[in-house]
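Visitor: The structure that follows is given in the form of structure tokens.
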């Protein structure tokens, strides 16, 4: 039974790592709350049928499924959207719209682990239900931007590629058959990961249109404004134009090749990247107006995004924006004499109502306690012995400056 | 594909419920940090062999196991201890002792759901590795007490039953055979859940000693102090005495019948209950000095406890200590005219760096926006129209007092 190990693709968070992770989550949480999003939590385990509703059976090989004990097939959530949708539908009538929810937590996918991709990983997920307006798309993109800025990233550290599925589909369907649409979208989505020639090869099944499609992708938003768009393409263009007007200036870049693989996106779509394009996407999302009805709810427009912690933490490390963990105690109370440990513990209990306080619980002698206090980088030190217990007079030593001050035990709370 | 539902024994946390849960977790976290514990996080999924190391194969029916995809059998954590132990062992050499760690998070057990018991539930778990002293037991019990006080509970709302397994075993082995020990401990552990007669019946297998055992359980700590204890019993008594001296006065009650079922407890054991004994135990723990070696690490004394959120929340509700959720926006910015929505969004973005701000993203008319602001209980209101955009002069209305003040847009941050 020796030599247990962590499962593949999961991480252990030791105190310093967890402290940094919590700094990131706090910043995301603060951004979400300030944007009027409310935090919710969905179970980590859901019925398999819920998790498969969007993608179908093929999801089985990509997620962690639970061995059947009861009647129902269960599995671990691989994203927040299905659980959010289920919760929304359950209270759909009574909830004032728009509903703006977020969660930060673990999700699980059975994938090959690599840099920035784990099997157990963390996502910040934000969704808006009940607004079909470009304002709502701008709202979630603005939250995405604010979250990244809240982490200390600057405008030139990242950007958001924005597109609209109606616009893209409308333009494509002028040149290709509907039956080829999904395959074309999947190929286009890879545009920034492959060379122009590779992309042409991927699109070869379109015959002579492949060249036109690749050229289409170079169109700027201004180019499109000069074209006589119509139908679906025009609708998508107008939505995107209004959305882009409302996104914080300087962050969004139009990119006709952002398709967001999944067939279920219906309108504006977006992905955030670090400016050097060094890492995988920081976040991705868009509008999926058929989502809620797909899960059995009353027709409801929806838009949102998910942001992964793994890539964010790689970027923060690269930009040297990780904060130094603050783990050291405010005060170390060293106990000079076992005979007064009762009074020492009582002092410690009082101090702990206000401060991080360490004391000895291993029976070390005074000199080893002082060494331990140093190793923990305690900010202040109080040595408590018989004299202190009798006189009620405590010496507080500032471990940084070496400065000492004498305080009556009864006044200690004011003094620290 | 219609009518998805939450899995049995799990909870959906809507914003108000989550807000309350987070209040509780924040109080627990603050108590742990002030007691010098550091937060860690272990994966939710571990190898089955790790989770089964303490209890053996029989655990299989009580936990959620994962369908095998790779080589290894995996399962969902049912408590934090195995993961903590694995993490500790991995860095056992380099970590300064004592190691004091805590986590707050989800655990999963395949059990019949009932009041205060779910299949997906939350535990606050705290452990100390590397001190065999009663001071360490007192430290974790004091953290338990401080956590409950931090939730607003008072001294007369709860108490901690404390015992010592060496003491109990030493006393029992004077009267019964070693082979009967575990079964006896399990029976004794139920003492407060059954009548005296039922307990006698449970212990009937001991023959005439059963009566003596039941009487033994009534011994007070003072009674024991007057007895001539020896061997294991004496050792346990001395440990417990020192521990009780250091626990915050007025919370601990000696109770010889606390055995903590599991065979692996080796010293001081304890359980916290609400004073009315209305609910299941709030928390339970104790010393398990053989734990780390059982998981393959170098021999290390250990002590700790786990506290469940479900029972805590029932008790807080009963004591009317649940706080009123604060979910309403600080400011609602109503947009009077679509033509100025760009400026309005820009104002909103500025305000959101400091405050919780809502605005319209659904295209409602002004009157419906004001209704929505009321429904959300927004604290302040700014109506932004052409006039405001042109003049740069904003009227901030306090929605509680009705008071209004005029502010230059450039000074808005100072004014809110």
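Visitor: When you check residue B:280 against the structure, is it closer than 14 Å to residue B:140 by Cα and buried (at least 16 other Cβ atoms within 10 Å of the Cβ), yes or no?
Guide: Taking the combined requirement at face value, the residue does not satisfy it.
Visitor: Name the residue, out of B:235, B:198, B:174, that is in contact with a strand residue (DSSP E or B) (Cβ under 9 Å, 6 or more places away or on another chain) and either surrounded by 19 or more Cβ atoms within 10 Å (Cβ to Cβ) or in the same structural domain as residue B:272 (by TED's automatic domain parsing) (or both).
Guide: Answer to the check: B:235.
Visitor: In contact with a strand residue (DSSP E or B) (Cβ under 9 Å, 6 or more places away or on another chain), within 17 Å of residue A:358 (Cβ to Cβ) and in a strand (DSSP E or B): which single residue out of B:127, B:139 fits that description?
Guide: B:127
Visitor: I've got another one for you. Taking residue A:261, is it under 23 Å from the mean Cα position of the chain (by Cα), at pLDDT below 95, more than 21 Å from residue B:362 (Cβ to Cβ) and assigned to a loop (DSSP other than H, G, I, E, B)?
Guide: Against the criterion (under 23 Å from the mean Cα position of the chain (by Cα), at pLDDT below 95, more than 21 Å from residue B:362 (Cβ to Cβ) and assigned to a loop (DSSP other than H, G, I, E, B)), residue A:261 qualifies.
Visitor: Hey, another quick one. When residue B:89 is evaluated against the numbered criteria (1) farther than 26 Å from residue A:76 by Cα; (2) within 14 Å of the chain's Cα centre (by Cα); (3) within 10 Å of chain A (Cβ to nearest Cβ), which criterion, by number, is the only one it fails?
Guide: For residue B:89, the exception is condition (2).
Visitor: State all residues of the range A:358-375 that are surrounded by fewer than 16 Cβ atoms within 10 Å (Cβ to Cβ) and touching a residue at least 12 places away in the same chain (Cβ under 8 Å); if no residue qualifies, say none.
Guide: Those that are surrounded by fewer than 16 Cβ atoms within 10 Å (Cβ to Cβ) and touching a residue at least 12 places away in the same chain (Cβ under 8 Å): A:366, A:374.
Visitor: Taking into account only those residues within the range A:157-175 that are under 18 Å from residue A:281 (Cβ atoms) and assigned to a helix (DSSP H, G or I), which is farthest from the other protein chains (Cβ to nearest Cβ)?
Guide: Of everything passing the filter in the range A:157-175, A:168 is farthest from the other protein chains (Cβ to nearest Cβ).
Visitor: Identify, please: which residue in the range A:318-340 is outside any loop (DSSP other than H, G, I, E, B) and within 30 Å of residue A:372 (Cβ to Cβ) and is, among those, modelled with the lowest pLDDT?
Guide: Among those that are outside any loop (DSSP other than H, G, I, E, B) and within 30 Å of residue A:372 (Cβ to Cβ), it is A:338.
Visitor: Which one of these does residue A:355 not meet: (1) crowded, with 21+ Cβ neighbours inside 10 Å; (2) in contact with a strand residue (DSSP E or B) (Cβ under 6 Å, 6 or more places away or on another chain); (3) at the interface with chain B (Cβ under 9 Å from one of its Cβ atoms)?
Guide: Among (1) crowded, with 21+ Cβ neighbours inside 10 Å; (2) in contact with a strand residue (DSSP E or B) (Cβ under 6 Å, 6 or more places away or on another chain); (3) at the interface with chain B (Cβ under 9 Å from one of its Cβ atoms), residue A:355 violates only (1).
Visitor: Out of (1) surrounded by fewer than 16 Cβ atoms within 10 Å (Cβ to Cβ); (2) under 21 Å from residue A:289 (Cα atoms); (3) more than 10 Å from chain B (Cβ to nearest Cβ); (4) touching a helix residue (DSSP H, G or I) at 6+ places or on another chain (Cβ under 9 Å), the odd one out for residue A:94 is which?
Guide: Every condition holds for residue A:94 apart from (4).
Visitor: Follow-up question, since we're still on this one. Any idea which of B:219, B:224, B:256, B:240 is at pLDDT 95 or above, crowded, with 19+ Cβ neighbours inside 10 Å and more than 27 Å from the chain's Cα centre (by Cα)?
Guide: Being at pLDDT 95 or above, crowded, with 19+ Cβ neighbours inside 10 Å and more than 27 Å from the chain's Cα centre (by Cα) holds for just one of B:219, B:224, B:256, B:240, which is B:224.
Visitor: Would you confirm, using the coordinates I've provided, whether residue B:61 is farther than 28 Å from residue A:40 by Cα and within 7 Å of another protein chain (Cβ to nearest Cβ)?
Guide: When the stated conditions are applied, residue B:61 does not pass them.
Visitor: Might you check whether a residue that is free of Cβ contacts under 8 Å to residues at least 12 places away in the same chain, within 14 Å of chain A (Cβ to nearest Cβ) and in contact with a strand residue (DSSP E or B) (Cβ under 7 Å, 6 or more places away or on another chain) occurs anywhere in the range B:281-289?
Guide: So far as the range B:281-289 goes, no, none of its residues is free of Cβ contacts under 8 Å to residues at least 12 places away in the same chain, within 14 Å of chain A (Cβ to nearest Cβ) and in contact with a strand residue (DSSP E or B) (Cβ under 7 Å, 6 or more places away or on another chain).
Visitor: Could I ask something else about it? For the range B:363-416, how many residues meet the condition of being in a loop (DSSP other than H, G, I, E, B) and either at negative phi or within 14 Å of another protein chain (Cβ to nearest Cβ) (or both)?
Guide: 13
Visitor: Another question about this same structure. Working only within the range B:40-53, note down all residues that are in contact with a strand residue (DSSP E or B) (Cβ under 6 Å, 6 or more places away or on another chain) and in a helix (DSSP H, G or I).
Guide: Correct list: B:48, B:51.
Visitor: Regarding residue A:103, is this residue within 17 Å of residue A:46 (Cα to Cα), within 11 Å of another protein chain (Cβ to nearest Cβ) and either crowded, with 23+ Cβ neighbours inside 10 Å or under 19 Å from the mean Cα position of the chain (by Cα) (or both)?
Guide: Against the criterion (within 17 Å of residue A:46 (Cα to Cα), within 11 Å of another protein chain (Cβ to nearest Cβ) and either crowded, with 23+ Cβ neighbours inside 10 Å or under 19 Å from the mean Cα position of the chain (by Cα) (or both)), residue A:103 qualifies.
Visitor: Give me the pairs: first residue in the range A:56-72 and farther than 18 Å from residue B:111 by Cα, second residue in a helix (DSSP H, G or I), beta-carbon distance under 6 Å, and six or more apart or on different chains, which are they?
Guide: A:59/A:52
Visitor: Now, a different point. Look at the range B:12-39 and say how many of its residues are outside any helix (DSSP H, G or I) and more than 7 Å from chain A (Cβ to nearest Cβ).
Guide: 1
Visitor: Which one of these is touching a helix residue (DSSP H, G or I) at 6+ places or on another chain (Cβ under 7 Å) and in the same structural domain as residue B:135 (by TED's automatic domain parsing): B:288, B:273, B:265?
Guide: B:265 is the lone residue from the list that is touching a helix residue (DSSP H, G or I) at 6+ places or on another chain (Cβ under 7 Å) and in the same structural domain as residue B:135 (by TED's automatic domain parsing).
Visitor: Among residues belonging to the range A:54-68 that are outside any loop (DSSP other than H, G, I, E, B) and in contact with a strand residue (DSSP E or B) (Cβ under 7 Å, 6 or more places away or on another chain), point out the one that is surrounded by the most Cβ atoms within 10 Å (Cβ to Cβ).
Guide: That would be A:66.
Visitor: May I ask you to list the residues in the range A:142-156 that are part of a helix (DSSP H, G or I) and either more than 8 Å from every other protein chain (Cβ to nearest Cβ) or within 20 Å of residue A:42 (Cα to Cα) (or both)?
Guide: The answer is A:143, A:144, A:145, A:147, A:148, A:149, A:150, A:155, A:156.
Visitor: Would you confirm, using the coordinates I've provided, whether residue B:153 is surrounded by 16 or more Cβ atoms within 10 Å (Cβ to Cβ) and either over 27 Å from the mean Cα position of the chain (by Cα) or free of Cβ contacts under 8 Å to residues at least 60 places away in the same chain (or both)?
Guide: Answer is no for this residue.
Visitor: Next question. For residue B:187, are the conditions met, namely being within 14 Å of another protein chain (Cβ to nearest Cβ) and either part of a strand (DSSP E or B) or more than 15 Å from the chain's Cα centre (by Cα) (or both)?
Guide: In short, no.
Visitor: Which of the numbered conditions does residue B:51 fail, given that it passes all the others? Conditions: (1) at the interface with chain A (Cβ under 7 Å from one of its Cβ atoms); (2) crowded, with 24+ Cβ neighbours inside 10 Å; (3) without any contact (Cβ under 8 Å) to a residue 60 or more places away in the chain.
Guide: (1)
Visitor: Could you tell me how many of the residues in the range A:106-120 are more than 9 Å from chain B (Cβ to nearest Cβ) and either in contact with a strand residue (DSSP E or B) (Cβ under 6 Å, 6 or more places away or on another chain) or within 14 Å of residue A:40 (Cα to Cα) (or both)?
Guide: Looking only at that region, the number is 1.
Visitor: Are any of the residues in the range B:69-79 over 30 Å from residue A:60 (Cα atoms), over 19 Å from the mean Cα position of the chain (by Cα) and surrounded by 22 or more Cβ atoms within 10 Å (Cβ to Cβ)?
Guide: no
The values are calculated or read from the model by the stated rules, or taken from the named source; none is laboratory data. Nothing here was measured: the structure is a model prediction, and the numbers come from that model. Positions of Cβ are backbone-derived with ideal geometry, glycine not excepted, and every protein chain shown enters the neighbour counts.
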